[in-house]
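Just below is one structure, and these are the notes that go with it.
The values are calculated or read from the model by the stated rules, or taken from the named source; none is laboratory data. The structure displayed is predicted, hence computed values, not measured ones. Cβ placement follows ideal geometry from the backbone for every residue including glycine, while neighbour counts extend to all protein chains displayed.
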Amino acid sequence: MDTSLRYKKCSNSDNNDVEFLRRRDDVLADLQGAMSFRVSATGAVEGYAQCLGDLGGSDCSGCLADAVMKVKSLCGSAAAGEVYLGQCYVRYWEAGYYDASPGT
């Protein structure tokens, strides 16, 4: 199983609100248990996770557990974050968050 970090992106805006962090952690915990693909939402926090199609159920859950741990440590209290590993990815965001690139 390849869990090497391939890409990460964290929003520039932070949300240190205790309620946001609790909801984010709830969404990430739900996503961590996915067997292939899962969408989750709790209040104003949404997220999704997916594994590559050739990854078995237990390997997928293990990969996603690693991705969740990495997105939490790398993005901290960011309003949105995503981590792509070699065979899976996880993403979360606060509802209403939109990452507009400069000039758009």
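Taking the conditions (1) at pLDDT below 95; (2) in contact with a strand residue (DSSP E or B) (Cβ under 7 Å, 6 or more places away or on another chain) in turn, Val90 satisfies each one other than (1). Answer yes or no: is there a residue in region 12-28 that is under 15 Å from Gln87 (Cα atoms), free of Cβ contacts under 8 Å to residues at least 24 places away in the same chain, out of contact with any Leu (no Cβ under 6 Å at 6 or more places or on another chain) and surrounded by fewer than 18 Cβ atoms within 10 Å (Cβ to Cβ). No, region 12-28 contains no residue that is under 15 Å from Gln87 (Cα atoms), free of Cβ contacts under 8 Å to residues at least 24 places away in the same chain, out of contact with any Leu (no Cβ under 6 Å at 6 or more places or on another chain) and surrounded by fewer than 18 Cβ atoms within 10 Å (Cβ to Cβ).
Conditions tested, residue by residue: (1) within 17 Å of Arg91 (Cβ to Cβ); (2) among the basic types (Lys, Arg).
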residue: Arg22; (1), (2): no, yes
residue: Asp26; (1), (2): yes, no
residue: Met35; (1), (2): no, no
residue: Ala44; (1), (2): yes, no
residue: Gln50; (1), (2): yes, no
residue: Gly56; (1), (2): no, no
residue: Asp59; (1), (2): no, no
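Every listed requirement among (1) part of a helix (DSSP H, G or I); (2) over 12 Å from the mean Cα position of the chain (by Cα) is met by Ala65 save one, (2). Examine region 22-32 for a residue that is more than 12 Å from the chain's Cα centre (by Cα) and over 17 Å from Asp59 (Cβ atoms), and state whether such a residue exists. Yes, region 22-32 contains at least one residue that is more than 12 Å from the chain's Cα centre (by Cα) and over 17 Å from Asp59 (Cβ atoms).
Of the residues making up region 29-46, those that are in contact (Cβ under 8 Å) with a residue 24 or more places away in the chain and either in a helix (DSSP H, G or I) or at positive phi (or both) are Ala29, Leu31, Gln32, Gly43. Among the residues of region 7-21, those that are more than 14 Å from Val68 (Cα to Cα) and either modelled with pLDDT of 95 or more or in a helix (DSSP H, G or I) (or both) comprise Val18, Glu19, Phe20. Here Leu52 meets the list (1) under 13 Å from the mean Cα position of the chain (by Cα); (2) surrounded by fewer than 18 Cβ atoms within 10 Å (Cβ to Cβ) almost entirely, failing just condition (1). Test Ala100 against the criterion of being modelled with pLDDT of 95 or more and either in a helix (DSSP H, G or I) or closer than 21 Å to Ser11 by Cβ (or both), and give yes or no. Considered against the rule, which asks whether it is modelled with pLDDT of 95 or more and either in a helix (DSSP H, G or I) or closer than 21 Å to Ser11 by Cβ (or both), Ala100 comes out as no.
With respect to the conditions (1) at pLDDT 90 or above; (2) in contact with a helix residue (DSSP H, G or I) (Cβ under 7 Å, 6 or more places away or on another chain), Ala34 falls short on a single one, namely (1).
Taking each residue of region 47-76 that is in contact (Cβ under 8 Å) with a residue 40 or more places away in the chain and looking for partners that are assigned to a helix (DSSP H, G or I) and among the β-branched types (Val, Ile, Thr) with beta-carbon atoms closer than 6 Å, six or more apart or interchain, yields Gly47/Val27.
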